[in-house]
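Shown next, in structure tokens, is the structure this report addresses.
The values are calculated or read from the model by the stated rules, or taken from the named source; none is laboratory data. All figures in this text were calculated on a predicted structure; none of them were measured in a lab. Note that we place each Cβ from the backbone using ideal geometry, even for glycine, and neighbour counts take in every protein chain shown.
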Amino acid sequence: MDARNNVATSLAVLAAMAVVLALASRHFLAQYRADPIVAGPGVARVVKLSTYAPNIRGRAVDTDVYVLEGARPGGTVLVLGGAHPPEAAATMAAVVLIEQAKVAQGRLFVIPQTNLSGFTATPAGLGWPEGYTIRTPRGPLRFRIGAKVSNPVHQWPDPDEYVNTGTGARWSGEQGRDLNRTYPGRPDGYLTERLAYALLELIRREDVTLVLDMHEAPPDRPLINAMAVHPKGMSVAAEAILNLELEGIKVRLEASPPNFRGLSHREIPDHSNAIAMLHETNLPLHGALRGRATEAMILTAQDEFLVYASRSGWTGTTHPPEGVPIEVRTGRHLAMLYELVKALTSQQPQHAFAFESAPGYQEVVRKGLGAFLRMPGESPNGQ
Ligand SMILES: [Zn+2]
């Protein structure tokens, strides 16, 4: 082969690579496009989380905090969605509150995408969809799914072993990018530790009374349709769960283990005046015992392999063949919040909290999520 042929072949390969890279980078960059979250009429202001911790200003974890204020003073409540981005119903419950809820007494802080970095990349090699679409009467709305942990582009390299220096807990290296391993965080640590620290700074400076950290877990894990609670919050959680049971919603109450460290429901109450609870609904997506990960699985939690596994006794809960629609899972998170604030108000009247209006469980299940989501650009009072 002569030199001219070599040059031509090299140029052709380079050109082909440029085309592939251009197409791939478009795909990767699309994961950075913000989701359609619209401040509703109850939102008084939106601030960046870095307001409480300048070390994350402008970084990939500097997420939006929506503040809803009642006319009467009372307790302060913080609701976290998207601490683990793939857990879609947790994000959706936060978005429904931002777009529809109004507060009568107290203050409500809502963070829909708590680990914002995690929303920017799906995990490699798992074949997950990139997002899911919620149909509304005014058109489809697309939301990202991301990964459970911060994007490695934002926090790299992982250590061989992640040691949470605040608690002494040791995890595999990748777990240092899981927000729910890095509490109480450090102001100058790994990026995800800085995020945990910023959340605790918000909780301390705003004197938050109650934190609800919303999650979803696969049925092959023990904590499904359950809530993990620190001893400081046990009586408020127990009253809420009893009242939910009267409404036909069953939730298992789990005491937060004292030696399982680095998690929100353990470290937030240990490092602030707040009580905190972690509430889980059912999503097969990030478990090991499941079929193909599809967009439909996110929306319906339907999975024939899990039905078989649960019939064989391999899951903590029985997985229904019809799945658990995202409306039911979102509604469970909302119903839990409403009962928690009622229990808080009855047990700690100095921290009373009341909604003026907010979509209820039955309403969300009956009308579908699309009825409660706003279109981008829509005015807060527009319908
Ligand atoms: Zn989770």
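I need every pair where a residue in region 223-237 that is within 10 Å of Leu278 (Cβ to Cβ) has its Cβ under 6 Å from the Cβ of a residue that is of a type in the set (Asp, Glu), sequence separation at least 6 or different chains.
Filtered contacts from region 223-237: Leu223/Glu280; Ala226/Glu254; Ala226/Glu280; Ala228/Glu254.
Check off (1) touching a residue at least 24 places away in the same chain (Cβ under 8 Å); (2) part of a loop (DSSP other than H, G, I, E, B); (3) away from the ligand (no atom under 16 Å from the Cβ); (4) surrounded by 23 or more Cβ atoms within 10 Å (Cβ to Cβ) for Ala198 and give me the number that stays unchecked.
Single failed check for Ala198: (2).
Of the residues that make up region 47-65, is at least one in a loop (DSSP other than H, G, I, E, B), touching a strand residue (DSSP E or B) at 6+ places or on another chain (Cβ under 7 Å) and aliphatic (A, V, I, L, M)? Walk me through how you get there before you give the answer.
Pass one, region 47-65, residues in a loop (DSSP other than H, G, I, E, B): 52-53, 57-63.
Of the ones still in play, those that are also touching a strand residue (DSSP E or B) at 6+ places or on another chain (Cβ under 7 Å) are 62-63.
Now restrict to residues that are aliphatic (A, V, I, L, M): none.
No, region 47-65 contains no residue that is in a loop (DSSP other than H, G, I, E, B), touching a strand residue (DSSP E or B) at 6+ places or on another chain (Cβ under 7 Å) and aliphatic (A, V, I, L, M).
Restricting attention to region 96-111, which residues are surrounded by fewer than 21 Cβ atoms within 10 Å (Cβ to Cβ) and part of a helix (DSSP H, G or I)?
Answer for region 96-111, where residues must be surrounded by fewer than 21 Cβ atoms within 10 Å (Cβ to Cβ) and part of a helix (DSSP H, G or I): just Gln100.
Return the residues of region 292-309 that are out of contact with any Leu (no Cβ under 8 Å at 6 or more places or on another chain) and either more than 19 Å from Gly146 (Cβ to Cβ) or basic (Lys, Arg) (or both); say none if nothing qualifies.
Within region 292-309, Arg292, Thr300, Gln302, Asp303, Glu304, Val307, Tyr308 qualify.
Scan Val38, Val67, Val61 and give me the residue that is in contact with a Lys or Arg (Cβ under 9 Å, 6 or more places away or on another chain), under 27 Å from Gln155 (Cα atoms) and touching a residue at least 40 places away in the same chain (Cβ under 8 Å). Even if it seems obvious, please write down each step before you answer.
Working: Val38 fails: under 27 Å from Gln155 (Cα atoms); Val67 fails: under 27 Å from Gln155 (Cα atoms).
Exactly one of Val38, Val67, Val61 is in contact with a Lys or Arg (Cβ under 9 Å, 6 or more places away or on another chain), under 27 Å from Gln155 (Cα atoms) and touching a residue at least 40 places away in the same chain (Cβ under 8 Å), namely Val61.
Looking only at region 254-265, filter to residues that are modelled with pLDDT under 95 and outside any loop (DSSP other than H, G, I, E, B); which one of those is farthest from the ligand (Cβ to nearest atom)?
Ala255
So, of the residues in region 86-107 that are among the aliphatic types (A, V, I, L, M) and more than 16 Å from the ligand (Cβ to nearest atom), which turns out to be farthest from Leu141 (Cα to Cα)?
Filtering region 86-107 down to residues among the aliphatic types (A, V, I, L, M) leaves 88-90, 92-98, 101, 103-104.
This time we only want the ones that are more than 16 Å from the ligand (Cβ to nearest atom), so: 95-98, 101, 103-104.
Details: Val95: 12, Val96: 13, Leu97: 17, Ile98: 16, Ala101: 20, Val103: 26, Ala104: 29 Å.
By that ranking, first place goes to Ala104.
Only one residue in Ser256, Ser264, Ser272 is of a type in the set (Ser, Thr, Tyr), touching a strand residue (DSSP E or B) at 6+ places or on another chain (Cβ under 9 Å) and free of Cβ contacts under 8 Å to residues at least 60 places away in the same chain, so which one is that?
Matching residue, one of Ser256, Ser264, Ser272: Ser256.
Out of the residues in region 142-185 meeting the condition of being surrounded by fewer than 22 Cβ atoms within 10 Å (Cβ to Cβ) and of a type in the set (A, V, I, L, M), tell me which one is nearest to the chain's Cα centre (by Cα).
Selected residue: Val153.
Out of the residues in region 66-85 that are among the small types (Gly, Ala, Ser) and assigned to a strand (DSSP E or B), state the one that is farthest from the ligand (Cβ to nearest atom). Show your work before the answer.
If we filter region 66-85 for residues that are among the small types (Gly, Ala, Ser), which is where we start, we get 70-71, 74-75, 81-83.
Add one more test, that the residue is assigned to a strand (DSSP E or B), and what stays is 74-75.
Details: Gly74: 29, Gly75: 25 Å.
My answer is Gly74.
Suppose the filter is touching a residue at least 24 places away in the same chain (Cβ under 8 Å) and either more than 16 Å from the ligand (Cβ to nearest atom) or touching a His at 6+ places or on another chain (Cβ under 6 Å) (or both); does Pro187 pass it? If you could, list the steps in order and put the result at the bottom.
On the way: touching a residue at least 24 places away in the same chain (Cβ under 8 Å): yes; either more than 16 Å from the ligand (Cβ to nearest atom) or touching a His at 6+ places or on another chain (Cβ under 6 Å) (or both): yes.
So Pro187 fits the description; yes.
So if I check each of Ala124, Ala93, which one is crowded, with 24+ Cβ neighbours inside 10 Å and either within 12 Å of the chain's Cα centre (by Cα) or in a loop (DSSP other than H, G, I, E, B) (or both)?
Working: Ala124 fails: crowded, with 24+ Cβ neighbours inside 10 Å.
Going through Ala124, Ala93 in turn, just one is crowded, with 24+ Cβ neighbours inside 10 Å and either within 12 Å of the chain's Cα centre (by Cα) or in a loop (DSSP other than H, G, I, E, B) (or both): Ala93.
Where the second residue is more than 16 Å from the ligand (Cβ to nearest atom) and the first is aromatic (Phe, Trp, Tyr) and lies in region 137-150, which pairs have Cβ atoms under 8 Å and are six or more apart or on separate chains?
Filtered contacts from region 137-150: Phe143/Asp35; Phe143/Pro36; Phe143/Gly131; Phe143/Tyr132; Phe143/Thr133; Phe143/Ile134.
Could you identify the single residue in Asp220, Asp207, Asp213, Asp270 that is at pLDDT 95 or above and within 16 Å of the ligand (Cβ to nearest atom)?
On the way: Asp220 fails: at pLDDT 95 or above; Asp207 fails: within 16 Å of the ligand (Cβ to nearest atom); Asp270 fails: within 16 Å of the ligand (Cβ to nearest atom).
Criteria check complete, one pass: Asp213.
Among all residue pairs at least 6 apart or on different chains, which show Cβ distances below 9 Å where the first residue, located in region 275-296, is within 8 Å of Pro218 (Cα to Cα) and in a loop (DSSP other than H, G, I, E, B) and the second is of a type in the set (Phe, Trp, Tyr) and within 16 Å of the ligand (Cβ to nearest atom)?
As it stands, the answer is Leu285/Trp128; His286/Trp128, since those pairs meet every condition given.
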